[in-house]
Structure formats: structure tokens, C-alpha cells
Amino acid sequence: MKQINRFFSVILLGACLAGMFLPSFGEHTAIVVIISLALIIFSSFFQINLSFQSLMTDFKISVQFIIVRFILLPILLFLVIDQFSSLAAMIVLLILLLPSAVSSPAFSVLFGGKADLSLKILLFTSFLSILTIPFILRLLLGASAEVPAGSLFLTLLWTIVMPFLIHLPLRRLKAVSTIMHQYNSLFTLICLCVLGITVTAKNKATILENPGLIGIYAVASLLMYGIMYLLGFLFMPKKDAGTRRTLAISSGANNIGLGVTIATLFFAGKVNVYLIVSQIMWVLVLIPVRHWLLKERKP
């Protein structure tokens, strides 16, 4: 488990690249993607303390941050960027609407943040996204993108609500809870690798046909993630360093797996390819972010 935690990003990156050489699941891609994401989120729920007292701690900070970062900022940036490029605006909107990553609490611990605060933001944004993603996409994109709100809503229910409901009775079983806590990184890594391989294999032809476009998307994705981390860190400048690091991680480390799932099921072409590239850049950007936050942590 120590080696998995140490080389988590490297292994995940290798899996994404392996998808370029492995066969696609073809018509079964959608179901594999949905199951993989559902299992990742199922595993993450075991890490959350569901007691009322725990959920209410730092509740005000969580709500303020979520409203600004996961609702107002996506809408504002979409309206601004849409004046110049509808494609870029659509991509930015989808990326920013995604909830906090299931691995963000683990990163908070590694980078000197607050795991409890990160867990709350993860829980709140995951359930909020069931409403915000379909509603805001339909509100702002309208007929410009064929995103059936009903199908998208059902997808989010299957990947977020059902794993939560299934985990509730199981978390009371000590043996199951202990295993899920101890091997959470392993379960998450396996499912993320399957997800990365699946979506890359499905779109490898498009990727190979547009190497220049992939390079542009890679640079744009790295820049976008850098800005997301920085905005989270600067959101509450008067708070303690641990809180600011946590908000940075919760802002930048988003659930790109959910984004890839949505893009695979409901988008095509450049949006889909951008999300795949973003999944790889999501891993790469953790390297400088880790050095930055750990360096900032030192007196």
C-alpha cells in the first residue's frame, strides 16, 4: 500500500497511455465506464464521517466555497469565454462543474491540508452535482449541445446516489469497513486505471489523427488546472494555511473520471478528446502542485 500511494500518479498515467495499445470495449464502453466510476465513488464514501457533528464542522466555509467555486465561477467564466469561443466555453463549464475528486481527502493529508474539510466538500459537491450539472448545462448550452438532461441525471444517480445507498449498510460491518479503509487507494487506483484504459482505447484513433490538437489541449489543460488550484488557495486568504491548502486541492483536484464518463456518453469530437487529455494532465499537474504546497508548508 505504501508503494501504491507513492507511485499512484505514475501508475495511473501508465494506464492511460496503455489504452493507446489495447483494444477497445466497443459497444460495452459506456457500461464499463459507469461501473468503474460507481466503484470509485462507492469506495470513497467509506472514508467519510457521516456524524452530524462532523458534517457541521466548518460547514459555513464549505458552503461559501462550494457556492462560489462550483456554481458561480463556472457560470461566470462560461458567459465570458463564450464571447470568444463556444467550444472553449463548453469545456470550461463542464470541467468546473465537476465535483471534488474522490482522492482529494488523501491529497489533503499528503499536502498538509485538513482531511475532514476535504471530505465534507467531496460529499456536498458530489450530491450537489446531481442537480447542478444537468440543470446548468441545459440552462447555458440549450440546443447548442445534445445533452439529454434526463439521461444525464440518471447517469449521476447510478454513479453517485446508488453507491452511497449501497455502502450505508455495509459500512456498519466492521470487517468490510476496515478493508475499505485499509485498501481504499488500491480499489480507487484499479478502477481509475480501468477507466483510463477504456476511454483512451475508445478514442485512440481520434487522438492519433490530431497530434497537434492534443498538444494544444495538453497545455490548455495544465494551465486550467493550475489556475483552479491557485484560485482555491487564494479564496480565503485570511484562513490558516491548512484550510487554504485544502481549498486549493478541493478546487483543482476534481472528479475528472465523472467528466470523462459524461463526455463519453453525451459529447463527441473535441470535447470528448479534451476530457481524455485532461485526465492525463490531471495526473501530471499533481507533481508541481505537490512540490508547491509542501514548499509553502515549510516556515
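The values are calculated or read from the model by the stated rules, or taken from the named source; none is laboratory data. Just so it is clear, the model here is predicted, and its values are computed rather than measured. Counting neighbours? That spans all protein chains shown, and the Cβs are built from the backbone with ideal geometry, glycine included.
Can you spot a residue in segment 128-137 that is among the aliphatic types (A, V, I, L, M) and exposed (fewer than 14 other Cβ atoms within 10 Å of the Cβ)? There is at least one residue in segment 128-137 that is among the aliphatic types (A, V, I, L, M) and exposed (fewer than 14 other Cβ atoms within 10 Å of the Cβ). At least 3 residues being of a type outside the set (Phe, Trp, Tyr) and at pLDDT 85 or above is the threshold, and among the helices (runs of 4 or more DSSP H) wholly inside segment 175-245 those reaching it are 184-202, 211-234. Across segment 173-200, which residue is surrounded by the fewest Cβ atoms within 10 Å (Cβ to Cβ) among those that are closer than 19 Å to GLN3 by Cβ and β-branched (Val, Ile, Thr)? Looking at residues that are closer than 19 Å to GLN3 by Cβ and β-branched (Val, Ile, Thr), I get ILE179. If you go through segment 172-207 and pick out every residue that is in contact with a Phe, Trp or Tyr (Cβ under 8 Å, 6 or more places away or on another chain) and not aliphatic (A, V, I, L, M), you end up with 6. Does LEU140 satisfy the criteria of being surrounded by fewer than 19 Cβ atoms within 10 Å (Cβ to Cβ), under 23 Å from ALA220 (Cα atoms) and not aromatic (Phe, Trp, Tyr)? Judged against the criteria, LEU140 is a match. Taking residues in segment 94-118 that are closer than 17 Å to SER278 by Cα, and partners anywhere that are charged (D, E, K, R), the pairs with Cβ atoms closer than 9 Å and at least 6 places apart or on different chains are LEU96/ARG69.
Taking (1) modelled with pLDDT under 80; (2) in contact with a strand residue (DSSP E or B) (Cβ under 7 Å, 6 or more places away or on another chain) in turn, LEU98 satisfies each apart from (1). When segment 1-59 is filtered for residues that are assigned to a helix (DSSP H, G or I), surrounded by 14 or more Cβ atoms within 10 Å (Cβ to Cβ), at pLDDT 80 or above and not β-branched (Val, Ile, Thr), the ones remaining, listed by number, are GLY14, ALA15, ALA18, SER36, ALA38, LEU39, PHE42, SER43.
All of (1) under 19 Å from the mean Cα position of the chain (by Cα); (2) surrounded by 15 or more Cβ atoms within 10 Å (Cβ to Cβ) hold for ILE227 with one exception: (2). Would you mind stating whether PRO288 is outside any helix (DSSP H, G or I) and either on the phi > 0 side of the Ramachandran plot or over 17 Å from the mean Cα position of the chain (by Cα) (or both)? No: the conditions fail for PRO288. Output the residues belonging to segment 205-224 that are of a type outside the set (D, E, K, R) and over 18 Å from the mean Cα position of the chain (by Cα). Scanning segment 205-224 gives ALA205, THR206, ILE207, LEU208, ASN210, PRO211, GLY212, LEU213, ILE214, GLY215, ILE216, VAL219. Taken over segment 97-107, the criterion of being over 16 Å from ILE66 (Cβ atoms) and not β-branched (Val, Ile, Thr) is satisfied by SER103, ALA106, PHE107.
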